[in-house]
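Okay, structure first, notes after.
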Amino acid sequence: MRNLFCLVNLILLVSCHSNPQVEIKTTEGIIIVEIFEKNAPLTASNFLRLVDDKKYEGAVFYRVVTQSNQGNNPIKIEVIQGGLFSDERVEAVDPILHETTNETNVFHIDGTISMARLEPGTASSEFFICVGDQRELDFGGKRNPDGQGFEAFGVVVKGMDVVKKIHALDNTNQMLDTQVMIESISRINIE
């Protein structure tokens, strides 16, 4: 029943054609993400501001979390993570208030884009895309001990094949052996 609720919710979110879309052009291909501004206003506006201000120039996908590279962690997830990567660049971006999935109703299902964080209220520029449903990343989930989950704010509408290709690349301790360059991130017109 929970999965059916999420599917209906996702269909309602995606069917709203007023949502902005963002193209993430990588050396492995293009990913198009629909951003849920109305559902996740704080997180979406932060991401779109960084896109519009061209802050993601020189960004990369640098981390993959797979079933086989999480050691003894009992709560396994599968994501690819990207962003500014260097501490100096990340720290230059102001963090945003934590916006939970129980506030936004945007859940961590296949293709969801969300913000990476340490403590609640520390998300700024780094983001990840879910490979498969990752409900332990939602509010109340057990992946993070604080139970606050992560800040989901959109979904991949084209290019999950590219996400999966990146997810399958060689890595050492979750860090890609060769980072995937993000050539550009920009808004696109919805047709």
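The values are calculated or read from the model by the stated rules, or taken from the named source; none is laboratory data. Not measured: the values here are computed from a predicted model. Here Cβ is always computed from backbone atoms with ideal geometry, including for glycine, and neighbour counts include all displayed protein chains.
Details
- Some residue of region 24-41 being at pLDDT 95 or above, among the charged types (D, E, K, R), surrounded by fewer than 20 Cβ atoms within 10 Å (Cβ to Cβ) and touching a strand residue (DSSP E or B) at 6+ places or on another chain (Cβ under 6 Å): yes
- For region 109-127, a tally of residues being hydroxyl-bearing (Ser, Thr, Tyr) and either in contact with a Lys or Arg (Cβ under 6 Å, 6 or more places away or on another chain) or in a strand (DSSP E or B) (or both) returns 2.
- Taken together, VAL162, VAL106 contain a single residue that is over 19 Å from ARG49 (Cα atoms), assigned to a loop (DSSP other than H, G, I, E, B) and β-branched (Val, Ile, Thr), which is VAL106.
- Looking only at region 67-104, and only at residues there that are of a type in the set (Ser, Thr, Tyr) and surrounded by fewer than 16 Cβ atoms within 10 Å (Cβ to Cβ), the one that is nearest to the chain's Cα centre (by Cα): SER86
- Checked against the criteria, PHE107 counts as crowded, with 22+ Cβ neighbours inside 10 Å and either within 15 Å of the chain's Cα centre (by Cα) or touching a residue at least 40 places away in the same chain (Cβ under 8 Å) (or both).
- Here is the figure for region 144-153: residues that are out of contact with any Phe, Trp or Tyr (no Cβ under 8 Å at 6 or more places or on another chain) and farther than 18 Å from PHE36 by Cα total 2.
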